[in-house]
Amino acid sequence: MHCKDQISHKDYQRTADWLLSQTQHRPKVAIICGSGLGMLADTLQCQDSFKYSDIPGFPQSTVQGHAGKLVFGELEGKICVCMQGRFHMYEGHSLCKVTFPVRVFKLLGVETLIVTNAAGAIAESYHCGDVMIIRDHINFPGLAGLNPLIGPNDDKFGPRFPPMSGVYDKDLQKLAFDICKSMGVSQFVQEGVYCMVGGPNFESVAEAKLLYKLGVDAVGMSTAPEVLVASHCGMRVFGLSLITNKVVKSYEGSEPTNHEDVLAVSKMRSEMLQKLISGIIIRMDINNNKA
Ligand SMILES: O=P(O)(O)O[C@H]1O[C@H](CO)[C@@H](O)[C@H]1O
Ligand code: HPA
């Protein structure tokens with residue numbers, strides 16, 4: 001299926017030019033914050049912040065826990081831009097709208113994308129409050145033909161047939177592990193496969209059992225489209241899932257999942273995630289990375 005919103009290179013450029021005219025910051029790193037994780041932006045110094053509703057061409061956030069602000073700022077000399085709130089397919093946005101900011105970031109000069117999300121645990125060994133470093137993903141909507149790259153390819157961004165093996169940067173994964181170790185939080189850290197489903201409903205028991213059999217470790221309703229588009233245009237990608245709930249895999253006696261619990265766990269772990277992500281951004285140079 002072709003993306004229902006036609007977005008041209010000029011549209012992305014127009015938004016990028018507007019932002020460049022409104023802030024002196026020239027970010028190399030972009031962070032997309034998951035449900036309840038928007039406080040990551042608070043770490044940035046010398047902030048310039050814009051409501052999505054004031055940015056030409058930007059979609060609007062409608063989900064509780066997604067503030068709808070784009071924050072530019074500095075972290076020990078590293079210039080960043082942070083999305084406090086992302087866009088989801090289940091809100092009714094087309095996938096090119098969901099991923100619109102990523103291409104705008106590319107035109108701003110961003111080289112590294114960090115994505116965070118709230119996700120449900122499929123893996124038996126995961127607990128609420130664990131942090132999963134994303135090693136790979138399964139893009140369920142993509143496998144069924146819902147993909148932001150469908151339609152005429154814009155060669156200025158990337159190739160028609162982009163590879164998706166090795167999309168999550170290994171050096172940044174290792175750096176994240178090292179930082180967790182030095183923070184003394186290794187016991188909460190997992191590494192695994194994130195699966196995107198369409199939402200907005202949480203999984204049925206049979207769906208949860210299916211995901212388990214497929215080797216999924218954590219499930220959510222976001223992230224894969226942004227990662228696809230970032231990788232297509234040559235960005236380095238790092239992703240973290242905060243495990244906010246155990247997905248119900250049994251018909252006997254489990255509490256159903258709800259968004260309020262998701263937000264409560266996000267709040268509980270927000271400080272740790274803030275420290276981890278700022279540590280990654282600050283130490284990128286030490287590891288001879290690009291940003
Ligand atoms: O993926 P993020 O935006 O973190 O949010 C997750 O939390 C919401 C469900 O509680 C869904 O939007 C799901 O995708
Ligand atoms: O259990 C879940 N399923 C899908 N998306 C989610 N986002 C947070 N938790 C979940």
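The values are calculated or read from the model by the stated rules, or taken from the named source; none is laboratory data. Nothing here was measured: the structure is a model prediction, and the numbers come from that model. Methodologically, a virtual Cβ is constructed for each residue, glycine included, from the backbone with ideal geometry; neighbour enumeration extends over all protein chains shown. Quick note on the areas: whole protein, heavy atoms, side chains included, nothing else; ligands and nucleic acids left out. Shrake-Rupley method; radii C 1.70, N 1.55, O 1.52, S 1.80 Å.
When +1 charges are put on Lys and Arg Cβ atoms and -1 charges on Asp and Glu Cβ atoms, the dipole computed for the stretch 9-283 relative to its Cα centre reaches about 560 debye.
A 1.4 Å probe run over the protein chains yields, for the stretch 9-283, 41 Å² of accessible area per residue, whole-number rounding. Here is the size of the stretch 81-224 from its Cα atoms: Rg then Dmax, 16.2, 48 Å.
Counting only residues at least eight positions apart within a chain, or on another chain, the aspartates and glutamates with an alpha carbon under 14 Å from that of LYS249 are GLU124, GLU203, GLU207, ASP217.
Accessible surface of the chain, 1.4 Å probe: 52 percent of it comes from carbon and sulfur atoms.
Summed over all non-identical Cα pairs, the Kirkwood treatment of the chain gives a radius of 19.0 Å. Computed from phi, the 3J(HN,Hα) profile of the stretch 83-91 under the Karplus parametrisation 6.51, -1.76, 1.60 (θ = phi - 60°) reads 8, 8, x, 10, 10, 10, 4, 5, 6 Hz, with x in place of Gly and Pro. Once a ≥ b ≥ c are taken as the square roots of the eigenvalues of the Cα gyration tensor of the stretch 213-257, is the result rounded (a/c under 1.5), prolate (a/b larger than b/c) or oblate (a/b not larger than b/c)? Note, shape of the stretch 213-257 comes out prolate.
Normalised by 2.2 N^0.38 Å, with N the number of residues, the alpha-carbon radius of gyration of the stretch 1-129 equals 1.08.
Sequentially through the stretch 182-187, phi angles give Karplus couplings (6.51, -1.76, 1.60; θ = phi - 60°) of 5, 7, x, 10, 3, 5 Hz, Gly and Pro residues having no value and appearing as x. Please find the FRET efficiency linking ASP178 to TYR212, where r is the Cβ-Cβ separation and R0 is fixed at 25 Å, and quote it to the nearest 0.05. That gives a FRET efficiency of 0.25. Which one, GLY142, HIS88, THR99, projects farthest toward the positive side of the charge dipole computed for the stretch 81-204 from Cβ point charges (K/R +1, D/E -1)? Farthest towards the positive pole: THR99. Backbone amide hydrogens, once placed in the peptide plane, bring ILE138 within less than 5 Å of TYR194, CYS195, MET196, excluding anything fewer than 5 places away on its chain.
Modelled this way, with points 7 Å down the Cα-to-C-beta line, the labels at GLN60 and GLU252 are 4.8 nm from one another.
Using a 10 Å cut-off on Cβ atoms, rank the peptides 155-165, 202-212, 45-55 from the highest mean neighbour count down.
Put in order of decreasing packing, that is 202-212, 45-55, 155-165.
For the chain, what is the calculated [θ] at 222 nm in deg cm²/dmol (nearest 500), taking -39500 (n - 2.57) for each run of four or more DSSP H residues and dividing by its residue count?
My calculation for the chain gives -9000 deg cm²/dmol from helical runs alone.
Taking other residues whose beta carbon is less than 13 angstrom from the beta carbon of ALA16, and scoring Lys, Arg as +1 and Asp, Glu as -1, yields +4.
Count Lys and Arg as plus one, Asp and Glu as minus one, and take only other residues whose Cβ is under 11 Å from that of PRO101; the net charge is then +3.
Between the alpha-carbon centres of the stretch 1-46 and the stretch 229-269 there is a gap of 23 Å. Using a Cα-Cα cut-off of under 26 Å, which lysines could be cross-linked to LYS78, ignoring same-chain neighbours fewer than 8 residues away? LYS78 reaches LYS28, LYS51, LYS69, LYS106, LYS170, LYS174, LYS181, LYS267, LYS275, LYS290. Sequence-ordered 3J(HN,Hα) estimates for the stretch 110-122 from the Karplus curve with 6.51, -1.76 and 1.60 and θ = phi - 60° stand at 5, 10, 10, 10, 10, 10, 10, 8, 9, 8, x, 7, 9 Hz, glycine and proline given as x.
Amide H contacts under 5 Å for LYS246: ALA121, restricted to partners 5 or more places along the chain or on a different chain, H placed in the peptide plane at 1.01 Å from N. For the chain, the residue among TYR168, PHE157, LEU211 whose Cα projects farthest onto the positive side of the dipole built from Cβ charges is PHE157. Within the stretch 156-291, all pairs of alpha-carbon atoms sorted by distance into 10 Å bins from zero give the percentages 10, 33, 35, 18, 3, 0.
Peptides 221-227, 244-250 ordered by packing proxy, namely the average of other Cβ atoms within 10 Å per residue, highest first: 221-227, 244-250. Amide H contacts under 5 Å for GLU191: ILE133, restricted to partners 5 or more places along the chain or on a different chain, H placed in the peptide plane at 1.01 Å from N.
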